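The values are calculated or read from the model by the stated rules, or taken from the named source; none is laboratory data. Here the structure is a predicted model, which is why all the values come from computation and not from measurement. Every residue, glycine among them, receives a Cβ derived from its backbone with ideal geometry; neighbour counts consider all protein chains shown. When the accessible area is computed, the model is the full protein with side chains, heavy atoms only, and any ligands, DNA or RNA have been set aside. Shrake-Rupley method; radii C 1.70, N 1.55, O 1.52, S 1.80 Å.
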Amino acid sequence: MHKVRWFAFLLMCLVGYCYADEATSKSNEPPIKQTWVDKLTKDLFTNYNHNVRPSQHYNVTNMDVGLTIWHVDVDEDTSIFSVYGWVKMAWNDDKLKWNPADYGNVNQFRYNPASVWKPDVVLYNNARGADNLHYGQTNVIVYNNGQVLWVPPTDFHSFCELNLRFWPFDHQTCILKLGSWTYDEYKLNLTTTEVTPEILWLVPNHKWSIRKVTVQRNVRTYECCKEPYVDIQYNVTLQRHSSTHKAIVVSPAFVIMLLALSVFWLPPQSGEKIVLNGFIALIVTVFLIYFAQQLPAMSGHTPLIVTFYSATFYLVAISTILSVIALRITRGKHCHSVPRALKSQLDGCLGSVLGVSTPDRLEDDKETVNGEVFVHTKQNEWCRLATLLDRLAFVVYLILFVASIIYFTL
């Protein structure tokens, strides 16, 4: 038992000595004071001025611009088009070149963008006034050949001229125009190698979809300066998702048309025609209030669907007046017959086409004078005239509604 204790004691001492020796050896290792990247950046940025273009004044700095879109939005009240994504900007910096063999084969490094010269490329049609801070402050990548790559996340907000005439089936084309604010074409030459920008729907958009994006390079001379300036213009065509609007706006429009037409098939002496017209006018008023809340007041671009509901409101008012006239004709006591000009239409071609040329088998109007009963046919003729008025109005309204549908869908 005594030997076992001594053996355990010696084993613990041996293990402790090993750990102490390892710790001592680690503490004797010299700490890393400087990496190759530290030495490289120190040499490159010792006399570097990030406020001055890193090239001779007679040379041109070429810059390639690219755009990736991952979300878009349109504020219809303020006519502002928003694009979220990132911009790819690449240019050459003659001051940031080195031989990788002199710095441990380091051929690239990441660095703070505030310490590197960057082109002042901004959004020309910016909707934020004097705020031109479009980009996030992410690192730049510097390569040994002097190429600098900067891909910051960005959110652009530009003004967009909206045309809501075909709302909710409209297409909108909005423009993003990127260019240097102070460098002309002789100092900074903007180019793009993209045929179309990359579109990545990181956030699903249930209101808009991008139909087409075109890119064009423009060179323009402004009144302030004689040198030409270059800009890269992105034309983004958007399509509104209108499936919900079909159920909310378009489907009720067809029901309103059917109700407005059915008024003229009620008997001319029926007072329910006025009630039905009032009900239709109430529905149209509700939709007009809805449009006033959903759509901005834009002169010259009134949506056709709003024009349709407004025209229907007037047509319902005219239909109510016609119903009142029909009630007056059918329920009033007439001492005179229908005028000859109107009676010729009742018995002529127009009455034959509308189905009122044959007198209806209605109960004759009877009047008792001095005990004698007189049967009059005047009331029957006036009822036929009211029926002719209703059916003629039905044909006119039907033509108007069909024409509006064709015009709206084309």
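Test of understanding: extend the Cα→C-beta vector of THR237 to 7 Å, then name every residue of the stretch 148-183 with backbone N under 12 Å from that spot.
Within reach of a label on THR237: 171-174.
Can you tell me the order of 214-226, 55-67, 83-95 when each peptide is scored by its average per-residue count of other Cβ atoms within 10 angstrom, highest first?
Highest-to-lowest ranking by the protection proxy: 83-95, 55-67, 214-226.
Once the Cβ-Cβ distance between ASN47 and LEU149 is put in as r, and R0 is 30 Å, what FRET efficiency do you end up with, to the nearest 0.05?
Computed FRET efficiency for ASN47 and LEU149 comes out at 0.80.
Expressed as a rounded percentage, what relative contact order does the stretch 93-216 have, with Cα pairs under 8 Å and six or more residues apart?
25 percent
Tell me, what ³J(HN,Hα) does each residue in the stretch 258-263 have, in order and in whole Hz, if you take phi through Karplus 6.51 cos²θ - 1.76 cosθ + 1.60 with θ = phi - 60° and put x for Gly and Pro?
5, 5, 5, 6, 5, 4
Just reorder SER251, SER270 by solvent-accessible area, largest first, 1.4 Å probe, all chains present.
SER251, SER270
With a point put 7 Å past each Cα toward its Cβ, work out how far PHE408 is from CYS225 in nm, to one decimal.
5.1 nm
Once ligands and nucleic acids are excluded and a 1.4 Å probe is used, how much of HIS245 is accessible, expressed in Å² to the nearest 10?
Its accessible surface works out to 40 Å², give or take rounding.
Leaving out ligands and nucleic acids, note down the accessible area per residue over the stretch 189-277 with a 1.4 angstrom probe, in whole Å².
Per-residue accessible area for the stretch 189-277 comes out at 56 Å².
Describe numerically, in nm with one decimal, the distance between label points set 7 Å from Cα along Cα→Cβ at LEU259 and at SER310.
2.2 nm
Over the heavy atoms of GLU194, what accessible area does a 1.4 Å probe trace out, to the nearest 10 Å²?
Accessible area, nearest 10 Å²: 50 Å².
On full extension of the chain, what length is gained from GLN108 through ILE321, given 0.36 nm per residue of separation minus the C-alpha to C-alpha distance?
68.4 nm
How far apart, in nm, are the 7 Å Cα→Cβ label points at ALA247 and LEU266?
3.1 nm
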